[in-house]
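Here is the structure we will look at.
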Amino acid sequence: MSKKLRGNMMLFLAALIWGVSFVAQKAGMEYVGPFTFNGIRFLIGSLVLVPIILIISRIQKKKTPDFCADGTTNSYENKKDLITGSLTCGLVLFIAVTLQQIGMLYTTAGKTGFITALYIVLVPILGLFRGKRARPILWICVGISTIGLYLLCVKSNFSVSKGDFLVVASAFGFAMHILSIDHFAPKADSIKLSCLQFLVAGLLSIPFIAVFERIDWANVFACWQPILYSAVLSCGVAYTLQIIAQKDTEPTVTSLILSLESVFAVTAGILLLNEQITSRELIGCVIMFSAILLAQLPSKERELAGAENRRPKIRNSNKKPIGNFLP
């Protein structure tokens, strides 16, 4: 199995987990506030990864003492990137998820799914500021996916409310999170980065819980199932799959595959909440899957790049390769 295919499969599984997580988030909000729900699930998600890190690190050290759990070099630079990446990704994740969770209090689930998935449009646009040039075919796929998401999620006239504004802001946050992961994932231990970003996001939630909410432990225990699902699977598993997969996947392709969470959210609603899917929503699903498949087609630019990489290169020890400043 190629690294690209493995990465795409990981992202597909992450999208499935996050799609079902919409049901868990809705259920949990009936008992606790957004900061409490997110804070608890982030902290639990961080703890879930600790034994995994210890086991993998112990096994890896016996084989190669100078390497991390995912094979990256255990150097000062990697540790510095791990700390910086954890703080950056944790902060961005906290902002994005908090805005989405609060926004769900004031808008419908359908609009939340559509607006949040706008990150598939925002990722290539924001990526331009980092020197990332998206292939033309990906821009076409972004447009097709947006149409599919609209047909899938928007069930009435699109009106702007306070919740809509908050979810739009969260879409920017999720786009920034994908680009942040794209920058730090190749430089640091993936599992440790995932664990620490949850810890940062969970700790950032505590002061907001103290100011805006009051923890009622009876209500917390009453919604233990949605919290554990969001913590163990949505945080511990899905976000870790995203970080590992993005080592070998383009950011725009990543956003396209992850946008399938909207499709899985509708499916979960049908199976778990007995919701009905209309022909309009079914067409939206088909359009989205078509865009995902189209994004995987090789382009002439890739073929030329591959041919160029196979040619013998003339080395010049006095010059550094152009483009090393890019992540």
Check your understanding: For the stretch 3-296, what does the alpha-carbon gyration tensor say about shape, rounded, prolate or oblate, given a ≥ b ≥ c as the root eigenvalues, a/c under 1.5 as rounded, and a/b over b/c as prolate?
Key -> oblate
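Could you pull out the pairs from LYS80/LYS192; LYS3/LYS247; LYS61/LYS247; LYS187/LYS247; LYS79/LYS132 whose alpha carbons sit more than 18 Å apart here? Numbers along the way, then the final one.
Details: LYS80/LYS192 12 Å; LYS3/LYS247 9 Å; LYS61/LYS247 22 Å; LYS187/LYS247 9 Å; LYS79/LYS132 25 Å.
Exceeds cut-off: LYS61/LYS247; LYS79/LYS132.
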Revision key, fill the gap. If N is the residue count of the stretch 111-222, its Cα Rg over 2.2 N^0.38 Å rounds to 1.35
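Just so you know, all these numbers are worked out from the coordinates, no wet-lab data involved. Everything numeric here is computed off the predicted structure, so don't read it as measured data.
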